[in-house]
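Since every read-out is calculated from the coordinates, none of them should be taken as a lab result. For clarity, every value in this text was computed on a predicted model and none was experimentally measured. Using ideal geometry, Cβ is built from the backbone for each residue, glycine included, and neighbour counts are taken over all protein chains shown.
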Amino acid sequence: MKPRITNAAPRVLRPKSLADAVLLLAHAADESRVVAGATALQLEWQRGEPAPRQLIDVTKLPELAGITKGRVHMRIGAAMRLAELEESHLVARELPLLAETLGRVAAPGVRQLATIGGNIAGRTGCLIPTLLALGASIELAVDGAIFVMTLRDWLRKPVRRDDIVVSVQIPLLGTAHKTTHCKIGLRAAFTPSVIGVAGTLLLDSTGRIEMARFAVGGGATPPQCLDRAAASVAGHALAALDWRSLRDALVREIDAPSDPVRSSQYRKIAAANALVTGLGGERAIEQVCRSLPEPRPPAARDARKPDTVEVTRHALGERWRVRPDIADKVAGRLAYLTDHRRPDMLVARILRAGIPHARIVSIDTSAAEALPGVVAVVTAHDIKGQNGYGIVVQDQPALCADKVRYAGDAVAAVAAVDQRTAERALALIRVEYEPLPVVDDMESALASGAALVHGAGNLQRELHFARGDVDTAWSQCAHIVEDTYVTPRQMHAFMETEGGYAVPETDGTLSVCVGGQHGARDRMQLARILAIPEDRIRVVSSPTGGAFGGKDELTVQPALALLALKCGRPVRLHLDRAESSLGGRMRNPMRIRMRTGCDASGILIAQEMDLLMDTGAYASLSPSVLETCLEHACGPYEVANVRNRGRLAHTNNGICGAFRGFGANQMTYAIECQVTRLADAAGIDPIVFRRRNLRKPGSPGYLGQEIAPSDRLVEMLDAVSNSDLWRKPRIGTANKRLAIGTGFALLHQGTGLGSVVPDTGAGRLTLLPGGRIEAAFGLDEIGQGLMASIQATVAAALGCDRDDVLPVFGDTARTPDSGSTTASRGSYVVWKSAELMAPDFGRQLRRAAADLLDRRPDDIVVAPGGLRDSRANTDDLLISFATLAQNLAPQARPRAECAFDFPKTNYTAGNARFIFASGATVARVAVDRATGEVRVLDLEQHVAAGPVIDPACYLGQIEGGGAQGLGFTLSEDMILQGGRYIANNLDGYMIPTVADVPQTSRVFALEDLDRDDVFGPRGIGELGIGAVTPAIAAAVADACGVWPAVTPIPPETVLAAISEGPAQ
Amino acid sequence: MTDDMPLRFRLNGEERVIRVPADTRLVDLLRENFGLTAAKTACRIGRCGSCLVLMNGNAVNSCLLMAWQIDGADIVSAEGLATLPEGRIVREALVREVAFQCGYCAPGFTVALTALLRRRRDAAEAEVRAALGGNLCRCTGYASILRGAALAQQLLHCAVGDDIREVAHAGTSGQTDAAPVLE
């Protein structure tokens, strides 16, 4: 990573006239940059491009302003902002194609600044194909003169640094015409352009094409007019046009590059298809796309409708509560740990390796230390304890000493008086590296002779599970489906990147305040690194702006702690997105080869799986993810003969670890696709097929372990069978460009850490002097609604009001160790604690009140706000909690504590879960037959996880998990080349926007539990993402007959299957 | 520093004069110089919307705005939305729908929605989605935010003319689900 050297700020010049601007530019063209909206500058600087010495601001030049309609063309001043053009009635009326294209450029906030001149001058702008198709000219000021030339001619000339775009002149389309525009991107909106395409056809009075203009461009595609294709249609009658020939001509003519995300061939075909279908409608689609499979209606509704409730504010009425932290969050008042400032606080930065695999020869920090304003630089030499951490294996150095294993490895850290000084200091640290061969693929990592990431070899772990006789079973199968499912290196992309502050306290302790998911464990790991006792460290880990598993390990805590101790001053650090992307853990990419077979009656009899997953440079929680995979490999189905292998490989590909779903969602993807495909092969309805193979309630889990009651899989199938969305007719759209399909998948997911991992919970209740009941849990608020769930659960168990409960969390100084806020375990910990403590705590409250009021404890009950007479038929309080607390000596105030083991199964041959939740997801999608892009139209999630603790938080978890699953399925992947990520920020890494999420999103909860079920509400944090991918995959298959085995689903694969290939 | 530029702008209704390097970003000015931390930094390249502010009434990414670009401008940060009736209603609606989870993106969404509803109170859902197109949220899947936007439109609809002040005032009084109008 190249930090931008922030020396002097650029000078900003504001010429009064165009002539002055031209003079200024001519004088120092190499050092100057003409700017208007300047929206590209931060992007360029992030890429490491140097900042110019001076900026020439042209926004106020009168020549560059205004929109004027002339006789034959429209003149648009180059400094007109895109948002102004969007609002312009003149543009909307006279240049509708331009108006349409404007809305596809960046996002509204950016368009408030960005100008049309800037979009053109950069030569990669998304407006260029449209402007070319409209035959636009530009007015240029250069060498003291004004020229007008066509945009196409200007684009062919070499780039000059001394010209200024003054205006754009767009001919008005007088005659009858047809136009189209399509920006193909990486997601639905606010996306880099994969390729943009636009076309205009001018028609004579008989419907014959007088002239055509076709153009492509945008992003990596060089802007170009497609003259040969355009000439080929001139003179033809539009109604009789051979769209297939035109499409093929366009494909031949388009020059488009390949990159790691999309191939040249995809760009060409998708652009050509989009152009002809945009201009030719249904006729063109019929000519360039293959016919669609016949829609298959779902089987008759034969199921009992389960007793679910739709989770909405209206449906739940009184149960809908507003979480206690929401008003502060909405108003921007909530202080995150990265918002904290103190006058004496230093600013830290971390030096990252920037090279994927190398031996460190030397590190010289002297120049950095000598820079005025630098207070301390730390390297591995400053680590007094163990220079290694990791939840499972302590293989990751806090600061690398002799070797770097991925480009984001931390090598040194700096604390300085301000951000600019810290950044400059980083650039002054000289690290000499001896590069080592880069291990950039998990298959080749395991081949003999591969370079070693760690001394012990690149196979971090290998697990097996088998039962029955698979080899014999294959011969009994009537149908076998085999495929290799590939899943992405998904980035957590929490909105608040890693950061916080550390303070050496006056009493000699150290406070480390960084968003996390298990403060007590962070403290333990820090104590090992720093070689100071745990009780000398306080970790504050809440609130944090999203985690999703990505803040489960230590992040910036070691660097902050080392610096704070060395400086003896508070230090803060907040990773920017580029550094967060470079250094942070990702979801393990997987290659899942799965072979599954059933007999002629549709009974599953054999499954074989070979799973390979990448952990990158360090293990983190990946070995546990691997275990979870093996545990979920058959989903909720009984299969007699199984042979599974899972391997975890070290590479130099960043680092991987925990991410919501933790391997279960990838397994669900593979097995649910397999099951529906087998059902199709056997000619059996997918719901009926599943009913035949479902595990029986009360039967052992997949590994043979005992599991908790309240199996709700049948009910989830019933829910799908009764779903309006599932039964909605699969009809295409009006012009048939979109193919519509519906799919579903079932989910059975374990919660908790599993049988072989220590997993304990704890909680504490205390009546505070002011009368509030403090409920302390060493869990973290990561967005899920911990405060609401603590209040709701404790209030329900005690009988008090939610507002009587004061949640305290995320602080090792104020809470017991409740275990990690992961694995959907937090809800159970809070619920179980409340169950354990409420009787005793309630008794203490009643006894204290009875003593004070001279009554019998048995006649008093806990009520909202205080205690009341159990025999009275009014809500009047005998005494409020506040009065009670005031009248008690501190040691007499009620207090209860608990500690317990998370419920576990006795199975220890592998890691096995005991508590499971069920779910089902129905997705309806549209496949763009011209481009192969998939959009989710509707998503319906059915969840059976016991009682809903807080409806709003429940809904949020399921809907949010759904969107994250949608991103996993359609657009998210941190691609590497040679051990380096190709994207490092949210401009290249595509999480779903509001345009990508479904038009309708519905969540249904089945709340009941078996009578003998003593395990309460199940955690739901991972249920929302669990079955989204296979539901979308099944919907795509339903829409167009293609089963996507690779995620994110490459539009290229879909397109190749549904579009007629171009003639060679 | 000698090459600092003098900068004069309006921030949440107050005139501010400050000398800073010309390339200082507005988001850093807000957070570091004025202690206004509602604007968050999650990308710093205009690709997430967490730092949106109103500049002359329009929602703009404050990480893209450098000091030289805001000279003379009227800036309202997410904190300042409390001074606008629509801003108060937007907040109230988002609270009642529990539109956010981690909340880090929330102030940016309040700015984008306020800007939209001041201009087009009865925007169709497609327009609402278009106006929020530059705001990324990783927790919610946006559905709750869209429900919040729809509720804000309902509240605004019920609060025509002068009533808007009253509704908006009542709407932000409580931390919890005080329901001043509707239902």
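If you filter region A:801-890 for trypsin sites (Lys or Arg not before Pro), then keep DSSP loop positions with at most 13 other Cβ within 10 Å, what is left? It would help to have the intermediate numbers written out before the result.
Values: sites: A:802, A:814, A:825, A:832, A:843, A:846, A:847, A:855, A:868, A:871; in loops: A:814, A:825, A:855, A:871.
Those satisfying the criteria are A:871.
Assign unit charges at the C-beta atoms only (+1 for Lys and Arg, -1 for Asp and Glu), then state the dipole size of region A:1-149 relative to its Cα centre in Debye, rounded to the nearest 20. Intermediate values should be presented prior to the final figure.
Details: 17 positive and 14 negative charges, 45 e Å.
Dipole size: approximately 220 debye.
Calculate how steeply helix A:557-567 sits against the longest principal axis of the alpha-carbon atoms of chain A, using the helix alpha-carbon long axis, and give the answer as 0 to 90 degrees to the nearest 10.
It works out to around 80 degrees.
Divide by every residue of chain B the summed helix terms, -39500 (n - 2.57) for each DSSP H run of at least 4, and state the resulting mean residue ellipticity at 222 nm, rounded to the nearest 500 deg cm²/dmol. Let's see the in-between values first.
On the way: 6 runs with 62 residues, N = 183.
Dividing the helical sum by the residues of chain B leaves -10000 deg cm²/dmol.
Which pairs, out of A:566/B:40; A:696/A:736; A:696/A:728; A:268/A:728, put more than 32 Å between their alpha-carbon atoms? Numbers along the way, then the final one.
Details: A:566/B:40 29 Å; A:696/A:736 43 Å; A:696/A:728 30 Å; A:268/A:728 35 Å.
Among A:566/B:40; A:696/A:736; A:696/A:728; A:268/A:728, the Cα-Cα distance tops 32 Å for A:696/A:736; A:268/A:728.
Once the other residues with Cβ under 10 Å from the Cβ of residue A:743 are scored (Lys, Arg +1; Asp, Glu -1), what is the net sum?
Working: positive: A:924; negative: A:672, A:1038.
Value of the local net charge: -1.
Convert 25 °C to kelvin, take the viscosity as 0.890 mPa s, use the Kirkwood radius over C-alpha pairs of the protein assembly as shown as Rh, and evaluate the Stokes-Einstein diffusion coefficient in µm²/s, rounded to a whole number.
Details: Rh = 32.1 Å.
Answer, rounded: 77 µm²/s.
For chain A, what's the relative contact order in percent, using C-alpha pairs closer than 8 Å and at least 6 residues apart? Could the numbers behind the result be given before it?
Working: 2621 pairs, mean separation 124.4, N = 1064.
Here the relative contact order equals 12 percent.
How big is the dipole moment of the protein assembly as shown about its Cα centre under a simple scheme where the beta carbon of each Lys and Arg is +1, that of each Asp and Glu is -1, and everything else is neutral? Debye, nearest 20, please.
Details: 135 positive and 140 negative charges, 350 e Å.
So the magnitude is around 1680 debye.
Peptide B:52-61: average number of partner chain Cβ atoms within 10 Å per residue? Before the final figure, lay out the partial values.
Values: counts 3, 1, 0, 3, 1, 1, 8, 5, 9, 9.
Mean inter-chain Cβ contacts per residue within 10 Å come to 4.
Relative to the longest principal axis of the C-alpha atoms of chain A, give the angle of the C-alpha long axis of helix A:664-682, reported between 0 and 90° and rounded to the nearest 10°.
Approximately 70 degrees, to the nearest ten.
Please report, in cubic angstrom per residue, the volume enclosed by the convex hull of the alpha-carbon atoms of region A:921-972.
It comes to 73 Å³ per residue, whole-number rounded.
Which semi-axes, in whole Å and largest first, does the equivalent ellipsoid of region A:478-555 have when worked out from the alpha carbon gyration tensor as the square roots of 5 times its eigenvalues?
Details: eigenvalues 290, 45, 15 Å².
Computed over region A:478-555, the values are 38, 15, 9 Å.
Taking 0.36 nm per residue of separation and subtracting the Cα-Cα distance, what length does fully extending residue A:286 through residue A:210 add?
Working: separation 76, 0.36 × 76 = 27.36 nm, distance 2.46 nm.
Additional length available on full extension: 24.9 nm.
Given region A:950-1058, report the % of alpha carbon pairs whose separation exceeds 20 Å.
Numbers: 3189 of 5886 pairs.
For region A:950-1058, the share of Cα pairs beyond 20 Å comes to 54 percent.
So what does the Cα-only Debye profile of region A:613-688 read at q = 0.11, 0.12, 0.14, 0.19 Å⁻¹, as log10 I(q)/I(0), no solvent term?
Debye curve over Cα of region A:613-688, log10 I(q)/I(0) at q = 0.11, 0.12, 0.14, 0.19 Å⁻¹: -0.36, -0.42, -0.54, -0.82.
Where a Cα-Cα gap under 20 Å defines reach, which aspartates and glutamates qualify for residue A:384, not counting those fewer than 8 residues away within the same chain?
Qualifying aspartates and glutamates at Cα under 20 Å: A:364, A:395, A:402, A:409, A:505, A:522, A:534, A:535.
Highest mean first, how do A:574-580, A:763-769, A:1029-1035 rank when packing is the count of other Cβ atoms within 10 Å averaged over residues?
A:1029-1035, A:574-580, A:763-769
From the C-alpha coordinates alone, can you work out the Kirkwood hydrodynamic radius of region A:244-357, in Å? Can you show the working numbers first?
Numbers: mean 1/r = 0.0442 Å⁻¹.
For region A:244-357, the Kirkwood estimate is 22.6 Å.
Of A:920, A:968, A:908, which is farthest towards the positive pole of region A:894-1010's charge dipole, taken about the Cα centre with +1 and -1 on the beta-carbons of Lys, Arg and Asp, Glu respectively?
A:908
So, by mean Cβ neighbours within 10 angstrom, what's the order for A:296-303, A:349-356, B:68-75 with the highest one leading?
Working: A:296-303: 12.8, A:349-356: 23.6, B:68-75: 18.5.
The most tightly packed comes first, giving A:349-356, B:68-75, A:296-303.
How large are Rg and Dmax for region A:891-1025 when only the alpha carbon atoms are used, in Å?
When restricted to the Cα atoms of region A:891-1025, Rg and Dmax are 20.3, 74 Å.
Under 15 Å Cα to Cα from residue A:832, which aspartates and glutamates show up? Leave out anything in the same chain fewer than 8 places away.
A:759, A:817, A:840, A:897, A:901, A:1013
Would you calculate, for chain A, the mean residue ellipticity at 222 nm contributed by helices, counting each DSSP H stretch of 4 or more residues as -39,500 (n - 2.57) and dividing by all residues, to the nearest 500? Let's see the in-between values first.
Details: 33 runs with 309 residues, N = 1064.
-8500 deg cm²/dmol, from helical runs alone.
Per residue of A:28-37, what is the mean number of Cβ atoms on other protein chains within 10 angstrom of that residue's Cβ?
That works out to 1 on average.
Based on alpha-carbon centroids, what's the gap between region A:588-620 and region A:384-460 in Å, whole number please?
Here the answer is 31 Å between Cα centres.
Peptides A:375-385, A:921-931: what's the order by average Cβ count within 10 Å, highest mean first? List each step's numbers first, then the result.
On the way: A:375-385: 19.1, A:921-931: 27.2.
Per-residue Cβ counts within 10 Å, averaged per peptide and sorted highest first, yield A:921-931, A:375-385.
If you take each beta carbon of peptide B:71-80 and count the beta carbons of other chains within 10 angstrom, what is the mean? List each step's numbers first, then the result.
Values: counts 2, 0, 0, 0, 0, 0, 1, 4, 3, 1.
Mean partner-chain Cβ count within 10 Å for B:71-80: 1.
Quick check: the distance between the Cα centres of region A:159-196 and region A:650-685, to the nearest angstrom?
So the two Cα centres are separated by 40 Å.
Out of the trypsin sites (Lys or Arg not before Pro) in region A:67-123, which ones are loop residues according to DSSP with at most 10 other C-beta atoms within 10 Å? Write out the running numbers ahead of the final one.
Working: sites: A:69, A:71, A:75, A:81, A:93, A:104, A:111, A:123; in loops: A:71, A:104, A:123.
Counting only loop positions with at most 10 other Cβ atoms within 10 Å, the trypsin sites (Lys or Arg not before Pro) in region A:67-123 are A:71.
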